[in-house]
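Undergrad: First the structure, which I've put down as structure tokens, then a few questions once you've had a look.
The values are calculated or read from the model by the stated rules, or taken from the named source; none is laboratory data. Please read these numbers as outputs of a predicted model, since none were measured by experiment. Cβ atoms come from the backbone with ideal geometry, glycine included; neighbour counts cover every protein chain shown.
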Amino acid sequence: MENDAGNSTGKGDSKKEHTRDELVRILHGFRDAPISGEELGERLGVSRAAVNSHINQLREMGYVIDAATKTGYRLAAVPDRLLPVELKVRLDGLGAAGTCIGCDIQYFPQLESTNDTAKAIAPDARDGTVVICEVQTKGRGRLGRAWMSPEGGIWLSVVLKPKIAPQDAAKLTLMAGVAVADTMREFEIPAEIKWPNDILVKGKKVCGILTEMSSEADVMEYAVLGIGIDANVDTQKFPLEARESATSMQAELGHMVDRLEFTAKLLVRLGEEYARFEKAFVDGDIRAFDAMLDEWRSLSDTIGRVVTIQMRTKTISGEAVGIDHDGALIVETDGGIEKVFAGDCVYTR
Ligand code: BTN
């Protein structure tokens, strides 16, 4: 039996964290009716004093837990933090036990970049491990750009380890775009995808995706899918030049979003798309990818636009007419059809 919920180190700490997470799970199950300290102690296998001490720690973390002498404890509110236990409670509630995305969630109040941390742990991490934080101090965007990542956003990276060829990795970005746009639509936000990896709302960017990978010979070792969402970010704090081109979910909805609920739904959606991806590129049932591409097309803001795409060695202009089986954007230029796998896309009309 655990007698003391105060500070300790090493194994004891992780045992206490486990007990505290269990306590949170139980409290979630008793939101409608209080549960006594005695019953909590019995269920957790700890003393009443230890229950008390854990409850106090949770309160310090921002949990609101009502307590009445005769009836016991009742969870009234949870902190606005993307805590793994809170995400897992929601993932379980969504019936997501079967998906590997979020099987391991590593949370940090602050990181330089979730992509950097994810890459550092990737070799030993499980497929589907999520690294998530509240604030990034060196968030990175595509093409070496900085990515502003203040409080209120959702900054996360997913480590993926499908056994695929490196050239199939770009399709993971398309997959993530579909998952994010779809989840936003569930929240009544009319999100669209700008090729290859921006999520827009009424023409303004609300999310960016940065996929990085490591490969050996002709097999991908791992990919890190970095997703940055301006959820409850105050757009007034955006740099002046970004206010025209960027928005946040809060600004679009006129109220704050429940980041925990959104993140859990996003992880479930990613899990569904990832299952399709593996079916197509690991099991060889390519029709599974066709279904994903159809969804991408229906969410696309790019198809039908006149675009200029800057690639590493050349720039092309023309009408974006579709996306092909390999995930390449098909552009009809004056010189004929071009298939583009990567580049910076600007709408010219
Ligand atoms: C872009 O549109 O340029 C991509 C932006 C990607 C930002 C996310 S936030 C989480 C992850 N960590 C990073 O440093 N970058 C990605």
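Undergrad: Within the set of pairs 6 or more residues apart or between chains, which connect a residue that is under 21 Å from D198 (Cα atoms) inside region 281-304 to a residue that is in a loop (DSSP other than H, G, I, E, B) and of a type in the set (G, A, S) with Cβ atoms less than 9 Å apart?
TA: What qualifies is F289/G327; L293/G327; W296/G327; D301/G203.
Undergrad: Any idea which of (1) touching a helix residue (DSSP H, G or I) at 6+ places or on another chain (Cβ under 8 Å); (2) assigned to a helix (DSSP H, G or I) is the one G322 doesn't satisfy?
TA: (2)
Undergrad: What number of residues in region 295-310 are among the acidic types (D, E) and more than 22 Å from the chain's Cα centre (by Cα)? It would help to see each step written out before you state the result.
TA: We begin by selecting, within region 295-310, every residue among the acidic types (D, E); these are 295, 301.
Then keep just the ones that are more than 22 Å from the chain's Cα centre (by Cα); that gives none.
Residues that pass the stated criteria total 0.
Undergrad: Do you know which residues across region 243-255 are in contact (Cβ under 8 Å) with a residue 40 or more places away in the chain, part of a helix (DSSP H, G or I) and over 12 Å from G203 (Cβ atoms)?
TA: M249, Q250, L253, listed by residue number.
Undergrad: A further question on this structure: Filter region 180-221 for residues that are within 13 Å of the chain's Cα centre (by Cα) and part of a strand (DSSP E or B) and give the result.
TA: Answer for region 180-221, where residues must be within 13 Å of the chain's Cα centre (by Cα) and part of a strand (DSSP E or B): C207, G208, I209, L210, T211.
Undergrad: Just to verify a result, which residue in region 153-179, among those that are assigned to a loop (DSSP other than H, G, I, E, B) and more than 17 Å from the chain's Cα centre (by Cα), is nearest to E192 (Cα to Cα)? I'd like the intermediate steps shown before the answer.
TA: The initial filter retains those residues of region 153-179 that are assigned to a loop (DSSP other than H, G, I, E, B), namely 153, 161-165, 169.
The next check asks that each one be more than 17 Å from the chain's Cα centre (by Cα); those that pass are 162-165, 169.
Details: P162: 27, K163: 29, I164: 28, A165: 28, A169: 21 Å.
Looking at the filtered set, the residue picked out is A169.
Undergrad: Within region 115-128, can one find any residue that is of a type in the set (A, V, I, L, M, F, W, C), without any contact (Cβ under 8 Å) to a residue 60 or more places away in the chain and within 11 Å of the ligand (Cβ to nearest atom)?
TA: no
Undergrad: Separate question: Which number in (1) within 15 Å of the chain's Cα centre (by Cα); (2) modelled with pLDDT of 95 or more marks the one condition that E112 misses?
TA: Going through (1) within 15 Å of the chain's Cα centre (by Cα); (2) modelled with pLDDT of 95 or more one by one, E112 breaks only (1).
Condition check ((1) more than 18 Å from A231 (Cβ to Cβ); (2) more than 16 Å from the ligand (Cβ to nearest atom); (3) in contact with a strand residue (DSSP E or B) (Cβ under 7 Å, 6 or more places away or on another chain)) across all residues:
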residue	(1), (2), (3)
L83	no, yes, yes
D92	yes, yes, no
C100	yes, yes, no
E112	yes, no, yes
G144	yes, no, no
